[in-house]
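Visitor: Next up is a structure, given as structure tokens.
The values are calculated or read from the model by the stated rules, or taken from the named source; none is laboratory data. Owing to the predicted nature of the structure, the values given are computational and were not obtained by experimental measurement. Positions of Cβ are generated from backbone atoms using ideal geometry, with glycine treated the same way; all protein chains shown enter the neighbour counts.
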Amino acid sequence: MEKNAPLFADFSPVTKKSWLAQIEKDLKGRSPEEFEWQIAENLRMSPFIHAEDYPATPPPIADERVDNRWEIGEDYEWSSLAGANEALRDGLLHGVQAPRLLPDKVLEPGDLQALLQGVELSYISLHFAGLPGQKELAAQVGHWLDFLEKNSIEGAPLRGSFSAGMNENATPALAKALLTASERIPHFRLLTVDLKAQYDGPESAIAELQAAVRTGDRLLREWQEHGLSPAAIHRQLQFSFAIGASYFLQIAKLRAFRLLWTQVMLAYELPEEAFPPVEAHLAPATQTDDQHTNMIRATTQAMSAAIGGADRLTILPGDAFQGRSTDFARRIARNVQHILQMESHLDQVVDPAAGSYYIEILTEKLARAAWER
């Protein structure tokens with residue numbers, strides 16, 4: 001076969017009617033409708049989608065991206081700063097690109113000094129998560145800026161984010177921190193819309209999307225009262241989703257979010273702004289008490305996140321359910337992503353799911369159901 005020859009030139013097209021006739025024959029009298037998936041009250045999917053169901057395939061969901069690269073993340077909790085520094089440096093040595101720190105308190109400059117000793121910050125993106133509220137977030141931003149100043153580190157090139165509870169109304173303290181951060185660390189995101197608490201299995205996909213849009217819209221409106229423009233607020237936003245074990249649904253969920261938030265950007269006249277980062281974490285509820293099952297399941301969950309277009313992905317080690325993970329389990333979790341990038345090349349195609357009739361229709365149905373409620 002010639003290199004550029006049509007792949008299906010030797011096969012005659014088959015109509016949907018012909019396919020259904022064969023399916024009904026194979027089902028021996030059972031109706032194909034018995035196998036439809038009732039995802040939610042107003043969302044039902046047939047397992048069989050044909051080209052005739054989607055005669056006009058939409059373009060890839062690109063969002064100005066030229067590839068599908070994502071950053072390899074890893075979470076770090078610790079009982080001592082020295083131990084955390086050792087674990088962090090080991091993770092970076094073995095391919096972590098976006099470490100996420102999960103401290104049990106606000107880290108002061110001295111803590112940051114010990115934690116980040118020997119870490120070249122310009123090579124990675126660094127993320128602080130688990131802060132309970134805006135007060136702690138504002139304090140952490142201040143300590144981070146003090147740490148950079150004391151060590152004569154230029155903040156402008158650095159990348160990362162801070163994550164804290166965003167349920168309370170906008171506060172002047174954090175508004176001041178946002179303004180300062182936009183000048184001194186412009187590539188750090190301070191407003192994280194965390195959807196992990198919304199995850200409750202496949203049935204929660206629509207609720208997750210609704211919460212993402214509503215919370216993001218609320219932040220865009222509220223922070224304007226503190227003198228920030230919609231564009232300035234938008235540059236501080238990022239979204240964090242939990243990824244479940246329902247393979248196609250999780251792909252469609254992330255793709256549907258990109259469609260939905262694009263509409264929000266148009267409403268606020270932000271078409272020239274970059275799409276906010278979307279980070280993905282495996283839902284802890286999907287883990288079993290068998291680490292080998294978790295390791296296998298993590299591969300398909302990671303594929304869902306990558307194909308769906310996540311910008312940053314953290315995979316739970318297979319033994320995370322035990323409360324403390326071994327070096328081996330953490331290594332396997334990292335290497336899953338390395339294989340998906342270096343061997344499967346999922347990072348090289350902007351929207352790998354584009355053109356899949358089933359995923360395209362599922363994406364559209366999720367987006368419509370979330371938007372219309």
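Visitor: Would you confirm whether any residue within the stretch 59-72 is touching a residue at least 60 places away in the same chain (Cβ under 8 Å), on the phi > 0 side of the Ramachandran plot and not hydroxyl-bearing (Ser, Thr, Tyr)?
Guide: Yes; the residues of the stretch 59-72 include at least one that is touching a residue at least 60 places away in the same chain (Cβ under 8 Å), on the phi > 0 side of the Ramachandran plot and not hydroxyl-bearing (Ser, Thr, Tyr).
Visitor: While we're here: Going through VAL193, VAL213 one at a time, which residue ends up being of a type in the set (Val, Ile, Thr) and outside any helix (DSSP H, G or I)?
Guide: Every option except VAL193 fails the conditions.
Visitor: A further question on this structure: Which of the numbered conditions does ASP347 fail, given that it passes all the others? Conditions: (1) under 14 Å from TRP70 (Cβ atoms); (2) of a type outside the set (Phe, Trp, Tyr); (3) assigned to a helix (DSSP H, G or I).
Guide: It is condition (3) that ASP347 fails.
Visitor: Can you tell me which residues in the stretch 295-320 are over 19 Å from ARG100 (Cβ atoms) and either in contact with an Asp or Glu (Cβ under 8 Å, 6 or more places away or on another chain) or part of a loop (DSSP other than H, G, I, E, B) (or both)?
Guide: GLY309
Visitor: For PHE241, indicate whether it is touching a strand residue (DSSP E or B) at 6+ places or on another chain (Cβ under 9 Å), part of a strand (DSSP E or B), modelled with pLDDT of 95 or more and farther than 23 Å from VAL141 by Cβ.
Guide: yes
Visitor: Tally time: how many residues in the stretch 304-329 are more than 12 Å from the chain's Cα centre (by Cα) and either of a type outside the set (D, E, K, R) or buried (at least 19 other Cβ atoms within 10 Å of the Cβ) (or both)?
Guide: 12
Visitor: Can you find, within the stretch 178-202, the residue that is farthest from the chain's Cα centre (by Cα) among those that are within 20 Å of GLY165 (Cα to Cα) and aliphatic (A, V, I, L, M)?
Guide: Going through the qualifying residues, I end up with LEU179.
Visitor: Let me ask you something else. Is it true that GLU183 is surrounded by fewer than 22 Cβ atoms within 10 Å (Cβ to Cβ) and of a type in the set (Asp, Glu)?
Guide: For GLU183, the condition - surrounded by fewer than 22 Cβ atoms within 10 Å (Cβ to Cβ) and of a type in the set (Asp, Glu) - is met.
Visitor: Would you point out the residue of the stretch 190-206, among those that are among the small types (Gly, Ala, Ser) and touching a residue at least 60 places away in the same chain (Cβ under 8 Å), that is farthest from PHE248 (Cα to Cα)?
Guide: GLY201
Visitor: A follow-up question, please. Can you tell me how many residues within the stretch 196-210 are at pLDDT 95 or above and either over 25 Å from ALA305 (Cβ atoms) or outside any helix (DSSP H, G or I) (or both)?
Guide: Final tally of qualifying residues: 0.
Visitor: Take the residues of the stretch 147-178 that are free of Cβ contacts under 8 Å to residues at least 40 places away in the same chain and assigned to a helix (DSSP H, G or I): which is surrounded by the fewest Cβ atoms within 10 Å (Cβ to Cβ)?
Guide: By that ranking, first place goes to GLU149.
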